[in-house]
Amino acid sequence: MNWKDKIEEKISWIAIPRLLRHVSAAQFLVFILAKLVPGYLEYLALDPSAVLRGQLWRIVSWTFIPQTTSYLWILFSILWLWFLGDFLESSWGTLRTNMFFWLGVLGGVSAAFLTGNGGSMFNWYLNLSILFAFATLDPEYPVYFFFLPCKVKWLAWISIAILAYPFCLSSILGKIAMILSFGNYLVFFVPAVLQEALYGRKTYKRRVRLFPYSHLEETLHYCYTCGATEISAPDMDFRVSSSNGREYCLKHLPSAPGNERNPSPRRDN
């Protein structure tokens, strides 16, 4: 058991099982209350100045505001969040799903205080971060809109394209705020991506060092002495030496006349 697992074991008691189910249920309740009581959402929205005046519930209550006011789309929105939460919890477990969500909440609150503005965009960012997590874990998962199939990775890329426009037009503070809002995704996935890229780079360098010419082209034949392949020398024949099991072109085959001694492989300066 590594140190991360030990920490998770010690703090697992604070995790809320099926957290996003509770959030989606709260959004449905808020949707109904907002229809019955006009202006109700104003008491839940993320408003930094109101938080500083003592309305501390806004630090969390903004996550209960649904992304739609349409009777047609509210059910879809709630079920979608419900589904995403169940998927993340089945993939990560309860604690990590909680950590991802609350890091997203912390990022949204930090961004709001940085810019001095609240608004529904932070709800949108939080929901998008959950979508991005899903698309990263299972990019090929099919999603159906009006019976038309679409892989979830394309939904994520479309969302990124939509985000790119306001990001480019934002001020420096706005850009930082957007990055903070997706801090949960960055914390969970960027280290793994960097580690994989570093490992891939090391593997590539090791392959180039051991097989100097194999990285230039995918070949079936390779002369151990001169590096010729069936691509670089299409008229050349290749044979495997019975003395050492290595492959050579006919010119450098150890059993060929004049090559009785096993030649050394070519070394580039």
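The values are calculated or read from the model by the stated rules, or taken from the named source; none is laboratory data. Because the structure is predicted, anything quoted here is derived from the model rather than measured. Reconstructed Cβ throughout: ideal geometry from the backbone, glycine too, with neighbour counts over all protein chains shown.
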If you go through segment 30-83, how many residues are surrounded by fewer than 17 Cβ atoms within 10 Å (Cβ to Cβ), at negative phi and over 30 Å from the mean Cα position of the chain (by Cα)?
19
Return yes when Tyr199 is surrounded by 15 or more Cβ atoms within 10 Å (Cβ to Cβ), at pLDDT below 80 and at negative phi and no when it is not.
no
Residues in segment 232-255 that are touching a residue at least 24 places away in the same chain (Cβ under 8 Å) and more than 10 Å from His221 (Cα to Cα) total 2
Cβ-Cβ below 6 Å, separation at least six or inter-chain, first residue in segment 35-61 and without any contact (Cβ under 8 Å) to a residue 40 or more places away in the chain, second part of a helix (DSSP H, G or I) and of a type in the set (S, T, N, Q): which pairs?
Leu44/Ser61
Looking across segment 87-114 at residues that are more than 22 Å from Ala177 (Cα to Cα) and aromatic (Phe, Trp, Tyr), the single one that is modelled with the highest pLDDT is Phe87
Name the pairs: first residue in segment 75-88 and closer than 14 Å to Arg18 by Cα and in the same structural domain as Trp124 (by TED's automatic domain parsing), second residue among the β-branched types (Val, Ile, Thr) and surrounded by 18 or more Cβ atoms within 10 Å (Cβ to Cβ), Cβ to Cβ under 8 Å, at least 6 apart or on different chains?
Leu81/Val23; Leu81/Ile130; Leu84/Ile130; Gly85/Val23; Gly85/Thr97; Gly85/Ile130; Leu88/Thr97; Leu88/Ile130
